[in-house]
Amino acid sequence: MTKQEAAPAYLRRDPVLYANLLEALRRGSAELLEAGEGGVLLYERGCGAYMMSAASPAVAGRLLGMVPADCDLFVGHELAYFEQAKARWGFPLSQICYSAAYLGTEPLPLPAFDGALRPLDRTWAPWILRHYSHAFGGLPYMEEAVRRGVLGAFPTGSNQPAGFVGFHEEGSIGMLEVLPAWRRRGLGELLLRAAVNRALERGALPFAQVIEDNAPSLALQQKAGLTLSGTRMFWLMRE
């Protein structure tokens, strides 16, 4: 079996946990470095991350040894080698999260909303940067996010969105923000479902990643119809 055959065979064992890896392969943004019965290692060109799954400590050690010394961003799908990977490159920052994915093929119904969903163009990037509570990457990142597709929820009679949602570089649904005055009205579910449907329109696997202690967001994923992974994954980064 070739690497190109072995990788999806391995990853389809848990399509929720490995949604980001499957999507990277589907859209051709991944350089597949290794794949077999024991694990997968790839380089995702969209966000510049090395992404890995390893079924045993021996495989984890071998695959980690294939990652370059100048790695700046690493994604692991098993916590068993979290400390090993963190120490190997001296990453100062880390996030442990759950993966969430929509495995259906039919679009999700949208909750009632007195307003309209509209794509935001590049002129909205500074506004998004000001209102996104987890903003990173500055204005250039937001401009690229708009290019990838950001939806705004415009209440009837308002010329500004009450919230928005977009996609990160590696294809995950993110940048989900509801402005304080509009919270607790179901807009988060509306935006998340709309993003899932947008991903389906593109032929993509809709997925998101939620930090492990963000209970409201984890509950929202399930309420909106996504499935949460049974185990956690992690990101390691320098900034």
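Mind checking which of P57, M237, Q222 is farthest towards the positive end of the chain's charge dipole, using Cβ charges of +1 (Lys, Arg) and -1 (Asp, Glu) about the Cα centre?
Of the options given, the answer is Q222.
Which of the chymotrypsin sites (Phe, Trp or Tyr not before Pro) found in the stretch 92-192 are in a DSSP loop and have at most 11 neighbouring Cβ atoms, other than their own, within 10 Å?
Details: sites: Y98, Y102, F113, W124, W127, Y132, F136, Y141, F164, F167, W182; in loops: Y102, F113, Y132, F136.
Taking the stretch 92-192 and a limit of 11 other Cβ atoms within 10 Å, the loop chymotrypsin sites (Phe, Trp or Tyr not before Pro) found are F136.
Which of L151, L73, L179 moves the most in a Gaussian network model of the chain with Cα springs under 10 Å?
Result for the chain, Cα springs under 10 Å: L179 fluctuates most.
Taking the Cα centre as origin and putting +1 on Lys and Arg beta-carbons and -1 on Asp and Glu beta-carbons, what dipole magnitude results for the stretch 18-88, to the nearest 20 debye? Working shown, then result.
On the way: 6 positive and 9 negative charges, 10 e Å.
Computed about the Cα centre, the dipole is about 40 debye.
Within the accessible area of the chain, what % is carbon and sulfur when the probe is 1.4 Å and the other protein chains stay in place? Let's see the in-between values first.
On the way: 5840 of 11290 Å².
Carbon and sulfur together cover 52 percent of it.
Over the chain, with the other protein chains present, what is the accessible area per residue in square angstrom, probe 1.4 angstrom? Please report the intermediate quantities before stating the final value.
Working: 11290 Å² over 239 residues.
Accessible surface, normalised per residue, equals 47 Å².
For percent of Cα pairs over 27 Å apart, several values are listed as (i) 54; (ii) 41; (iii) 35; flag the one computed from this structure.
(iii)
To the nearest 20 debye, what charge dipole does the chain have about its Cα centre, counting +1 at the Cβ of each Lys and Arg and -1 at the Cβ of each Asp and Glu?
On the way: 23 positive and 24 negative charges, 94 e Å.
That gives the chain a dipole magnitude of about 460 debye.
By Kyte-Doolittle mean hydropathy of at least 0.5 and Cα axial length of at least 18 Å, which whole DSSP H helices of the chain are selected? The partial results should precede the final answer.
Values: long enough: 187-201 (21 Å, 0.58).
Within the chain the helices that satisfy the rule are 187-201.
What whole number of Å gives the distance from the Cα centroid of the stretch 97-137 to the Cα centroid of the stretch 5-84?
27
Report the net charge of residues surrounding G46, where surrounding means a beta-carbon distance below 9 angstrom and charges are Lys +1, Arg +1, Asp -1, Glu -1.
On the way: positive: R27, R45; negative: E44, E169, E170.
Local net charge: -1.
Along the charge dipole of the chain, which of I211, G138, G157 sits closest to the positive end, that is, farthest toward it, with unit charges on the beta carbon of Lys, Arg, Asp and Glu (+1, +1, -1, -1)?
G157
The values are calculated or read from the model by the stated rules, or taken from the named source; none is laboratory data. Since this is a predicted model, take the numbers as computed values, not measurements. Positions of Cβ are generated from backbone atoms using ideal geometry, with glycine treated the same way; all protein chains shown enter the neighbour counts. Keep in mind that these areas ignore ligands, DNA and RNA; they rest on the heavy atoms of the full protein, side chains included. Shrake-Rupley method; radii C 1.70, N 1.55, O 1.52, S 1.80 Å.
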